[in-house]
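Every number in this text was worked out from the coordinates using simple rules, so none of it is lab data. These numbers were taken from a predicted model, which means no experiment stands behind them. Neighbour counts run over all protein chains shown; Cβ positions are idealised from the backbone, glycine included.
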Amino acid sequence: MIVTIVDIHVKSAFLEEFIKATSRNHRNSVREPGNLRFDFLQDESDPCHFYLYEAYESDEAVMEHKCTEHYKLWKESVEPFMDRPRVGTRTKVIEPNGIENWK
């Protein structure tokens, strides 16, 4: 399993546009065959601070995600909305410890 947590800061002027674009990306990403989770989270103390929690079955599924039209459209459209470049942190999954425990 591949889990990446993406940390994103958005300029306040683009808040609603970012939420719409990322919600659309979420809805399409969860339909991908290798996707286990794709959570879109907003910091309660800072409405311009977001996280994506992305879990995929394999490196191949991650690469397939990055080749989808919805991901490419999201990346291109939200880039100007960001206050700084997004930061993705790849993590090691401790629990749940088996793909059968993810869905």
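Out of E100, E54, E32, one residue alone is surrounded by fewer than 16 Cβ atoms within 10 Å (Cβ to Cβ) and either assigned to a strand (DSSP E or B) or acidic (D, E) (or both). It is E100. Consider segment 1-25 and keep the residues that are free of Cβ contacts under 8 Å to residues at least 24 places away in the same chain and within 14 Å of K75 (Cα to Cα). The one that is surrounded by the most Cβ atoms within 10 Å (Cβ to Cβ) is I19.
Looking at I94, is it hydrophobic (A, V, I, L, M, F, W, C), farther than 20 Å from I2 by Cα and without any contact (Cβ under 8 Å) to a residue 24 or more places away in the chain? So that I can check it myself, show each step before the final result.
Numbers: hydrophobic (A, V, I, L, M, F, W, C): yes; farther than 20 Å from I2 by Cα: no; without any contact (Cβ under 8 Å) to a residue 24 or more places away in the chain: yes.
No.
For segment 54-74, the set of residues classified as of a type in the set (D, E), under 17 Å from R24 (Cβ atoms) and over 11 Å from the mean Cα position of the chain (by Cα) consists of E69 only.
Note on segment 62-91: among residues that are under 21 Å from S23 (Cβ atoms), in contact (Cβ under 8 Å) with a residue 40 or more places away in the chain and charged (D, E, K, R), the one that is surrounded by the most Cβ atoms within 10 Å (Cβ to Cβ) is R86. A residue that is of a type in the set (K, R) and touching an Asp or Glu at 6+ places or on another chain (Cβ under 9 Å) can be found somewhere in segment 30-53.
Among the residues of segment 10-25, those identified as in contact with a Pro (Cβ under 9 Å, 6 or more places away or on another chain) and part of a helix (DSSP H, G or I) are S12, F14, L15.
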